[in-house]
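Asks: I have a structure I would like to understand better, so I am pasting it below and will then ask my questions one at a time.
Only the coordinates and a few stated rules stand behind these numbers; no lab work does. The structure displayed is predicted, hence computed values, not measured ones. Every residue, glycine as well, gets a Cβ built from its backbone with ideal geometry; the counts of neighbours run over all protein chains shown.
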Amino acid sequence: MIVFTHNIVFAWCLQNLAVESNITFTVQPLARMGDRVGIVRTKNQAWPGEPIKSRIGRLRLALQELEAVDRKGDIDRYEVDAKVLAGDLREAWERAVEELLFRGVVMRFQRDVSARKIRDVVVTADLTREVYEGMTETSPFHHEASLAKPIPTPTIDELKSFFGRLESFCGALRAKPAAAKKAVAEASDSAA
């Protein structure tokens, strides 16, 4: 089935129904340039409802492509693509917080707050620090720079570090849902 829509909430709902029904869901962004419409975007880019797992895969591929640009010494392309990648990493942090840290309790485009899921949410000082540091290091590339203090283009090593931090954070949260429930149970027991 092919669905054309500008309605992100509708697309997000379709994605969720597809996941619940074990149906493959693929997004293919289209663009408009002047009077030309329906131009297929060939560069793999995020869409607002994209799950963190597919974002991580897309970001890993973009990082590999950027490494090749860096090796070739194409500074003009590198500067543009590096800042875009850093901005995409910042947006991925936002999605990781919604989807993994808050376990989908509160998410953009979601109609309701999923209060039943709140029992699975565990926020520790370490997780809070990791989110703060990950978002802080990528935020400068997500916002317009001041003319008085321009932001230098991140190096390939910095981008690898940014990506590694995000990937580790996501991996740890995916691997520990049982540990999170145990921590909540222990905290409840000690409070009683």
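Asks: Suppose R0 equals 30 Å. What FRET efficiency, 1/(1 + (r/R0)^6) with r the Cβ-Cβ distance, do residue 5 and residue 84 give to the nearest 0.05? Walk me through the intermediate numbers first.
Replies: Numbers: r = 25 Å, r/R0 = 0.82.
In this case the efficiency is close to 0.75.
Asks: Order 14-24, 85-95 from most to least packed using the mean count of other Cβ atoms within 10 Å.
Replies: Values: 14-24: 11.8, 85-95: 21.3.
The packing order, highest mean first, is 85-95, 14-24.
Asks: Additional query: Between residue 172 and residue 116, take the C-beta separation as r, use R0 = 22 Å, and let me know the FRET efficiency to the nearest 0.05.
Replies: Between residue 172 and residue 116 the formula returns 0.40.
Asks: I would also like to ask the following. Take residue 21 and residue 126, extend 7 Å from each Cα along the Cα→Cβ direction, and tell me the distance between the two endpoints in nm.
Replies: 4.1 nm
Asks: How much length, in nm to one decimal, is gained on full extension between residue 94 and residue 77, taken as 0.36 nm per residue of separation minus their Cα-Cα distance? Display every interim value, and only then the final one.
Replies: Working: separation 17, 0.36 × 17 = 6.12 nm, distance 2.61 nm.
In short, 3.5 nm is gained.
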